Amino acid sequence: MTPLNRRHALALLGAGIATPVFSQTTPAWSQIEAQARGQTVYFNAWGGSEPINAYIQWAAGVVLQRYGVKVEHVKVTDAADVVKRVRNEKAAGKADGTVDMVWINGENFLTMKREGLLFGPFAEKLPSYAYVDVQGKPTTRVDFSEPVDGMEAPWGMAQLTFMVDSKRVPTPPKNLTELLAFAKANPGRVTYPRPPNFHGTTFVKQALLDVNADRSALYRPVTADAFAKAGTPLWTYLDALHPHLWRAGKQFPNSAAAAVQMMADGELLLSLTFNPNEAANEIAAKRLPTSVTSYQFNSGTVGNTHFLAIPINAHAKAGAQVFINFLLSAQAQARKADIAVWGDPTVLAPDKLPSAQRALFAANPLPGQVASSAPAIPEPHGSWVDPLEKEWLKRYGQTP
C-alpha cells in the first residue's frame, strides 16, 4: 500500500465507514462505554507541538462522534506540574479532580504510582490492549525499570537512533567501538548534545549500557559502589572519544535539533534522535536531503515507551478509558505513526491485527525511516540519571 492509499484508508476509517477493531467484546466494556457517554475528559498533555496537538484534536473529534465523549486538551509544558496538582487535590480530599487523563512516563509515573495517585489497574483490560506488542516491545510493561502493573497504557515508542547522510557516510558505525574509530578517522565531525539535555544523557546511558557486560545493577536503585564500578569503563570510553569530537570535546551542542542542523549544514557527519521517524519527518519537510538514513546499533539502543494514565480522583474515569482505548486502536495508532501526521512509532504488533487493520501499517518505508529496527534496550533505573549527569558535568562540562 502506498502512503497515499494508506492515508485514504485512514480517512475512510475516520469517517466511520469501517467497523473499529476494538468494538466492545464484553458486557463490562459495554457498561464502561455507556457510562462514558456525555462525559468530558480533561486530557493533560504536552502542548508544544502543533502536529501532536492536531492529532489529539482529530482523535477527540472521532471519540465525540462515535462515543459521545468530549475531550478537552489541557496543554501543559511539564507533566510534573500535573502530578503536583493531582497530589494537592487528593490531599485536599477533592473527589472530582481537574485531571482525567495525563500523558506521562519515567519519574512522573513512578511518583504517581508510589503515592497512590493513579486509578487502576485498567490498561490490560482495554479491548485494544490485545494487540499491544508486549513481547517485541517489553518497555510497554516496564517504565524506566518500574513495572507498569496496568496503571498506565502504552501510547507510543521512542528509541535512540542515529542519522547520517549516506552520500557522505555509506558505512556508518554500528557499535561503540566503530563509533570511536569513526570519530578518530573524522576528527571534529562527530558529537552529541550536552547533558543534562535529554538526548545527551541518553547517549551517555547508551554508552553505560554497552560498556557493562553485566547490566543487572543498572536496573536497580543506584548505590555509590555500583555507580563507581559501572562508571569506570564509561569514563574510560568517553575519555578516549572526546578528544576526537567536534571542538575536541570541549564544547557540545545544546540540543539534538542543533546537532541535526549541523549535520544538514555539513559540519557533522552524524547526529542522533530519540524518534526513529525524525529523519523521515525532516526529509518530508524538506529540511534534510533524501540521502539521509537512520539506523540503530546492531545490538540495540536505549528505548522507552510513553504512556497514558488516569488519576485516582478523575471525574471522567469511564470517558478516559474509552478515549485511551481508541488511542490504542489500529486506526489511531496507524495515523499517529504516519510521517505526514506525527510519525510516532506504534506500540502495537501489526502482525497480530486482523488483515484490514494490518494493512494500515503496510505502507512502503519512506526515505529516512529505519530500515531494520534493532532491539530496544530498557532504560536504566531512573535513579542513575542524576549521578550520571552530575559526574559528566564535573568531568566534561567546564566551558573553556
(message) Here is a check on your reading of the model: is GLU152 among the charged types (D, E, K, R) and either surrounded by fewer than 21 Cβ atoms within 10 Å (Cβ to Cβ) or without any contact (Cβ under 8 Å) to a residue 12 or more places away in the chain (or both)?
(response) no
(message) Which condition from (1) surrounded by 18 or more Cβ atoms within 10 Å (Cβ to Cβ); (2) among the β-branched types (Val, Ile, Thr); (3) modelled with pLDDT of 95 or more is the one that ILE52 breaks?
(response) (3)
(message) Here's a check for you: in segment 284-308, which residue that is within 16 Å of the chain's Cα centre (by Cα) and of a type in the set (S, T, N, Q) is surrounded by the most Cβ atoms within 10 Å (Cβ to Cβ)?
(response) THR305
(request) Answer yes or no as to whether VAL164 is assigned by TED's automatic domain parsing to the domain that holds GLN251, in a loop (DSSP other than H, G, I, E, B) and not hydroxyl-bearing (Ser, Thr, Tyr). (result) no
(message) Within segment 294-305, does at least one residue satisfy the condition of being under 30 Å from VAL83 (Cα atoms) and part of a helix (DSSP H, G or I)?
(response) no
(message) Can you go through VAL63, VAL41, VAL71 and tell me which one is in contact with a Gly (Cβ under 6 Å, 6 or more places away or on another chain), buried (at least 20 other Cβ atoms within 10 Å of the Cβ), under 22 Å from SER329 (Cβ atoms) and in contact (Cβ under 8 Å) with a residue 40 or more places away in the chain?
(response) VAL41
(request) Would you check which residues across segment 309-326 are surrounded by fewer than 23 Cβ atoms within 10 Å (Cβ to Cβ) and touching a strand residue (DSSP E or B) at 6+ places or on another chain (Cβ under 7 Å) and list them? (result) ILE312
(request) Would you be able to say whether some residue in segment 1-24 is assigned to a helix (DSSP H, G or I), at pLDDT 85 or above, over 25 Å from GLU278 (Cα atoms) and assigned by TED's automatic domain parsing to the domain that holds ALA320? (result) no
(request) Those residues that are in contact (Cβ under 8 Å) with a residue 60 or more places away in the chain, farther than 18 Å from ALA95 by Cα, not in a helix (DSSP H, G or I) and not polar (S, T, N, Q), I need them from segment 112-138; list them, please. (result) PHE122, LEU126, VAL132, ASP133, GLY136, LYS137
(request) Check LYS90 against each of (1) surrounded by fewer than 19 Cβ atoms within 10 Å (Cβ to Cβ); (2) at pLDDT 95 or above; (3) assigned to a helix (DSSP H, G or I) and name the one condition it does not meet. (result) (2)
(request) Search segment 139-161 for residues being β-branched (Val, Ile, Thr), outside any strand (DSSP E or B) and touching a Ser or Thr at 6+ places or on another chain (Cβ under 6 Å), and hand back the single one that is farthest from ALA259 (Cα to Cα). (result) THR140
(message) Would you confirm whether or not segment 242-249 contains a residue that is of a type in the set (Gly, Ala, Ser) and within 19 Å of TYR295 (Cα to Cα)?
(response) no
(request) Answer yes if at least one residue in segment 175-191 is aliphatic (A, V, I, L, M) and under 22 Å from the mean Cα position of the chain (by Cα), and no otherwise. (result) no
(message) Could you check segment 93-107 and list, in sequence order, the residues that are part of a loop (DSSP other than H, G, I, E, B), surrounded by 13 or more Cβ atoms within 10 Å (Cβ to Cβ) and of a type outside the set (D, E, K, R)?
(response) GLY97, THR98, VAL99, ASN105, GLY106
(request) Could you tell me whether LEU288 is assigned to a loop (DSSP other than H, G, I, E, B) and at negative phi? (result) yes
(request) Can you tell me which residue within segment 344-382, out of those that are over 19 Å from the mean Cα position of the chain (by Cα) and polar (S, T, N, Q), is nearest to ASP165 (Cα to Cα)? (result) ASN364
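The values are calculated or read from the model by the stated rules, or taken from the named source; none is laboratory data. Note that the structure is a prediction, hence the values are computed from the model and not measured. With ideal geometry, Cβ positions are generated from the backbone for all residues, glycine too; neighbour counts draw on all protein chains shown.
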